[in-house]
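The structure appears below as structure tokens.
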Amino acid sequence: MKNSKIKINLLLPHILYSQWKLPKESVKKFINDFGYWAWEESKPTLKIYINDITILGEQESFFINLKENDTECAFFVPYDNKKYKIEYGRMLHQNIFLSLISSNFIIHPSDQYYSTFCLPHHIVESMKYLNICENYCV
């Protein structure tokens, strides 16, 4: 849907931050396509794709379980010098992921890039209020 949005940003070395907006029209379309039972039985989930910079297609991915009203999430990513992409969707019965919105790819630079990295104080202070997602399903 055109009003659905998902953004992905590199917050810190190995920590990505994502925000999304899912309007009611997207929820109605999901229910129309898959049925109300699918919405009720499924859980909100992020799927994180990890790719080498030079290779197309999914190489590796993992899921993060979310709460129903979450609209943002900061999470750890294990590799540097990779491309990451996020999809927000619904997980049905632990193995069926139904994507609702998808981000563009973001490249996590090499760790060498961060050897002189220093965060400004206002960024460090604002991080106290982030929703850190810890429920990983690898």
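Values in this text are rule-based calculations from the coordinates and carry no lab data. Here the structure is a predicted model, which is why all the values come from computation and not from measurement. Every residue, glycine among them, receives a Cβ derived from its backbone with ideal geometry; neighbour counts consider all protein chains shown.
Computed quantities for the displayed model
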item	result
Given (1) surrounded by 12 or more Cβ atoms within 10 Å (Cβ to Cβ); (2) of a type in the set (D, E, K, R); (3) more than 12 Å from Lys85 (Cα to Cα), number of the condition Glu60 does not satisfy	(3)
Every pair of residues 6+ apart whose Cβ atoms lie under 9 Å, when the first sits in the range 37-52 and is among the acidic types (Asp, Glu) while the second is not in a helix (DSSP H, G or I)	Glu41/Arg90; Glu41/Leu92; Glu41/His93; Asp52/Gln59; Asp52/Asn81; Asp52/Lys82; Asp52/Lys83
Residues that are touching a helix residue (DSSP H, G or I) at 6+ places or on another chain (Cβ under 9 Å), surrounded by fewer than 17 Cβ atoms within 10 Å (Cβ to Cβ) and under 18 Å from Asn69 (Cα atoms), drawn from the range 5-55	Val27, Ile31, Ala38, Trp39
Filtered residue count, the range 46-103, keeping only those that are part of a strand (DSSP E or B) and not small (Gly, Ala, Ser)	31
